[in-house]
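The values are calculated or read from the model by the stated rules, or taken from the named source; none is laboratory data. Keep in mind that what you see is a predicted model, and the values were worked out from it rather than measured. For neighbour counting, all protein chains shown are included, and Cβ atoms are generated from backbone atoms with ideal geometry for every residue, glycine included.
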Amino acid sequence: MSKTLFDKVWDSHVVKHIENGPDVLFIDRHLVHEVTSPVAFLGLKNRGIKVLYPERTFATADHNTPTRNQHLPVKDPLSANQLKALEENANAHNIPYWGLGHKKNGIVHVIGPENGITLPGATIVCGDSHTSTHGAFGAIAFGIGTSEVEMVLSTQCIMQPKPKSLRINVNGELSEAVTPKDVALFIISKLSTSGATGYFAEYAGDVFKNMSMEGRMTVCNLSIEMGARGGMIAPDETTFEYIKGREYTPKGKDWDAAMEYWSTLYSDDDAEFDKEVTFDASEIEPMITFGTNPGMGIGISKDIPMAESIDGSPATYKKSLEYMNYNEGEAMVGKPIDFVFLGSCTNGRIEDFRAFASIIKGKKKADNVTAWLVPGSHKVEEAIKEEGILDILTEAGFELREPGCSACLAMNDDKIPAGKYAVSTSNRNFEGRQGPGARTLLASPLVAAAAAVTGKVTDPRELMREEVLA
Amino acid sequence: MAYDKFNILTSTAVPLPIENVDTDQIIPARFLKATERKGFGDNLFRDWRYNSDGTPKEQFVLNNPIYSGKILVGGKNFGSGSSREHAAWAVYDYGFRCVVSSFFADIFRGNCLNIGVLPVQVSPEFLDKIFKAIEADPKTELEINLPEQKITILATGEHESFDINDYKKGNMLNGFDDIDYLLNIQKDIEKYAESTPL
């Protein structure tokens, strides 16, 4: 029987199927961070059990960490306590732990792939909804709650009904300045934040075939923002090239055996999906959000839609615009902004810093803008330095912070003040997401860079054209 | 973690007719720093419920003494966003045992089921009826009958059935959690693990 990529990976991990109930799904890799794990470890303690497979478990500190002076003790006592709890739990259960200051430390969804923990055909979970990122490698990866973290720690399994399948095709060629982030924001704007709920997505077509691993990670990362548990892309030469030789990647004979399996990971030609949507790449322009969920995005040259033209409750729509202090029908280009945040598990990788640098090179940060540039990991930070990107940033008046989730969820001190506007490369523009009262405009690193040097929402294509003319 | 059994719940309900209520609203990230599951109810809907100086926002439904009960009724796509189970804990800790909506985000729904909050998905039309009934009379009672999988507006007798899989239903009725189940099949799991090299 023909199968989808998702079927192949899911079905091979089912330990047991419960009639009119969930599947017991075996988890190959479990990533753990400080915020969603302490209560799970407490549960194990109360039951008097140990982590079943510590060698399949990896812990890092990222959500609740400062992005400055990481060598000093963490000031906030609650945060310090949470970080200490993770370290103690990891040590007590023999879990590899990459805490603050460790050279492999960084955002959990950045360091998994960097170290070869993320592999095609694997099942990967983490108590974080953006675990979908790892689907870029042809893995089934999704976020779980703390009760499930406890399940995986104690039994390496979770219990989930098999989701329905959705294929998203984007064919053709992307236009100038259209990045993977724009592709994802475009898809979410078409499907809405709940359009893929109950489904697991596969991304297919020319655009994803031609995309780098970093770009694929950005797209899969945002799968959850259209409601899908996760999204995945069939592994290919680009994937194998990326993972080869990384620390936890199989070597020698194991690599050959793995390659044999990985080369079977694609949707069969006649595989059926529960739902399929297709878009044309040429329809997509650089995107920006104007509201309070990631589905409220438009092409940067467009105006904010009128309430009557949108699906869903007009009252909810108007509440959202009121929060942003925007009106229907206004243009986004030219709107003043106060902050720029480059980073997060969505856009905190080396390619994102390269893109940002390509726009700001030779320009100056606008005086009215506070910019927080936060690499996704120490490895990304190193590459920024090695490639000379740090010099470009410094010359333009920017500084680089230390790795972590930072202003994406503003658990640490990196909070956008109430009422201020931030162009952010992160993943959520919910009310107060980046700080109480903060207003977030989600966009790509190119759009963020254009805003950082002009102090307002600016179409990056304008700056790129100026560059060519000059 | 074990929780109270759920059978038939009869209660007034608190209406929140807003769509896409995300888990950052249910509990903002800055309240996720605890290492124990305690006190999350105090920060349920924190930024909709309180001003920055800590004074209550009078217009918010949780601060309106007319509304109370163990059932929260929310608009479409309730619980979207972050996987933080703290959102479900906050709902439970505040005193809700059931959330009714016309659509739930996946992870939130699963988290609720894992901690003993029953997510009840109804049709958009029935949701509208509930909102209207509560608007007309805040003392409107709903009956959530888990064994029969039925939700009823008691005053009018209008009702609808809701879905839940047999396994989860059994867990809710008995107060069991998945770990109890998984620990019982550990031998099968270990056998599977031996066959997978990753």
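Table for the structure above
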{"item": "The stretch B:13-32 residues that are without any contact (Cβ under 8 Å) to a residue 60 or more places away in the chain, paired with ones that are of a type in the set (F, W, Y) and part of a loop (DSSP other than H, G, I, E, B) (beta carbon under 6 Å, 6 or more apart)", "result": "B:D24/A:F430"}
{"item": "Per-region count, the stretch A:427-442, residues within 12 Å of chain B (Cβ to nearest Cβ) and either outside any loop (DSSP other than H, G, I, E, B) or hydroxyl-bearing (S, T, Y) (or both)", "result": "1"}
{"item": "Condition met for B:D24 (assigned to a helix (DSSP H, G or I) and crowded, with 20+ Cβ neighbours inside 10 Å)", "result": "yes"}
{"item": "Residues within the stretch A:319-356 that are over 27 Å from A:S129 (Cβ atoms) and surrounded by 23 or more Cβ atoms within 10 Å (Cβ to Cβ), tallied", "result": "0"}
{"item": "Residues of the stretch A:243-259 satisfying the condition of being more than 22 Å from A:T131 (Cα to Cα) and part of a helix (DSSP H, G or I)", "result": "A:G252, A:K253, A:D254, A:W255, A:D256, A:A257, A:A258, A:M259"}
{"item": "Any hit, the stretch A:335-351, residues being touching a strand residue (DSSP E or B) at 6+ places or on another chain (Cβ under 6 Å) and within 27 Å of A:G227 (Cβ to Cβ)", "result": "yes"}
{"item": "Matching residues, the stretch A:158-206, being of a type in the set (K, R) and under 19 Å from A:A136 (Cα atoms)", "result": "A:K164, A:R167, A:K181"}
{"item": "Positions within the stretch A:443-470 being outside any helix (DSSP H, G or I) and touching a residue at least 24 places away in the same chain (Cβ under 8 Å), in sequence order", "result": "A:A443, A:S444, A:G455, A:K456, A:V457, A:T458, A:D459"}
{"item": "Test: residue in the stretch A:172-180 that is of a type in the set (G, A, S), on the phi < 0 side of the Ramachandran plot and surrounded by 15 or more Cβ atoms within 10 Å (Cβ to Cβ)", "result": "no"}
{"item": "Pick from the stretch A:293-318, criterion hydrophobic (A, V, I, L, M, F, W, C) and surrounded by 21 or more Cβ atoms within 10 Å (Cβ to Cβ), ranking: nearest to A:L463 (Cα to Cα)", "result": "A:I300"}
{"item": "Positions within the stretch A:201-225 being buried (at least 24 other Cβ atoms within 10 Å of the Cβ) and of a type in the set (S, T, Y), in sequence order", "result": "A:Y203, A:T218, A:S223"}
{"item": "So B:I71, is it out of contact with any Leu (no Cβ under 6 Å at 6 or more places or on another chain) and either modelled with pLDDT of 95 or more or over 30 Å from B:K150 (Cα atoms) (or both)", "result": "no"}
{"item": "Residues (within 14 Å of chain B (Cβ to nearest Cβ) and assigned to a helix (DSSP H, G or I)) located in the stretch A:371-421", "result": "A:S406, A:A407, A:C408"}
{"item": "Residue check, B:Y3 within 17 Å of the chain's Cα centre (by Cα) and more than 30 Å from A:D311 (Cβ to Cβ)", "result": "yes"}
{"item": "Enumeration of residues in the stretch B:45-55 that are under 15 Å from A:E431 (Cβ atoms) and part of a loop (DSSP other than H, G, I, E, B)", "result": "B:F45, B:N51, B:S52"}
{"item": "Evaluation of A:G135 against (1) in contact with a Phe, Trp or Tyr (Cβ under 7 Å, 6 or more places away or on another chain); (2) more than 9 Å from every other protein chain (Cβ to nearest Cβ) (one fails), failing number", "result": "(1)"}
{"item": "One residue from B:R49, B:R30 being surrounded by fewer than 19 Cβ atoms within 10 Å (Cβ to Cβ), over 15 Å from the mean Cα position of the chain (by Cα) and of a type in the set (D, E, K, R)", "result": "B:R49"}
{"item": "Options A:M232, A:M211, A:M217: the member that is modelled with pLDDT of 95 or more and touching a His at 6+ places or on another chain (Cβ under 8 Å)", "result": "A:M217"}
{"item": "Lone unmet requirement of (1) farther than 28 Å from A:A383 by Cβ; (2) touching a Leu at 6+ places or on another chain (Cβ under 8 Å); (3) not aliphatic (A, V, I, L, M) for A:G343", "result": "(1)"}
{"item": "3 or more residues away from chain A (no Cβ under 14 Å): qualifying strands (runs of 3 or more DSSP E) within the stretch B:90-198", "result": "B:98-101, B:141-145, B:150-153, B:158-161"}
{"item": "Index of the failed condition, A:S267 passing every other in (1) over 19 Å from the mean Cα position of the chain (by Cα); (2) within 14 Å of chain B (Cβ to nearest Cβ); (3) at negative phi", "result": "(2)"}
{"item": "Cβ pairs under 6 Å, 6+ apart, first in the stretch A:254-273 and more than 14 Å from A:A139 (Cα to Cα), second outside any helix (DSSP H, G or I)", "result": "A:D268/A:S2; A:D268/A:K3; A:D270/A:S2; A:A271/A:S2; A:A271/A:K3; A:A271/A:T4; A:F273/A:S165; A:F273/A:R167"}
{"item": "Search result, residues across the stretch A:258-292 that are farther than 22 Å from A:G172 by Cα and surrounded by 19 or more Cβ atoms within 10 Å (Cβ to Cβ)", "result": "A:A258, A:W262, A:L265, A:T289, A:F290, A:G291, A:T292"}
{"item": "Selected residue [surrounded by fewer than 20 Cβ atoms within 10 Å (Cβ to Cβ), closer than 14 Å to A:F339 by Cβ and in contact with a helix residue (DSSP H, G or I) (Cβ under 9 Å, 6 or more places away or on another chain)] from A:G437, A:G455, A:G419", "result": "A:G437"}
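For (1) within 20 Å of B:D178 (Cβ to Cβ); (2) modelled with pLDDT under 95; (3) surrounded by 24 or more Cβ atoms within 10 Å (Cβ to Cβ); (4) not basic (K, R), each residue gets a yes or a no:
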{"position": "A:K103", "(1), (2), (3), (4)": "no, no, no, no"}
{"position": "A:G112", "(1), (2), (3), (4)": "no, no, yes, yes"}
{"position": "A:L119", "(1), (2), (3), (4)": "no, no, yes, yes"}
{"position": "A:T123", "(1), (2), (3), (4)": "yes, no, yes, yes"}
{"position": "A:G127", "(1), (2), (3), (4)": "yes, no, yes, yes"}
{"position": "A:F137", "(1), (2), (3), (4)": "no, no, yes, yes"}
{"position": "A:F142", "(1), (2), (3), (4)": "yes, no, yes, yes"}
{"position": "A:T146", "(1), (2), (3), (4)": "yes, no, yes, yes"}
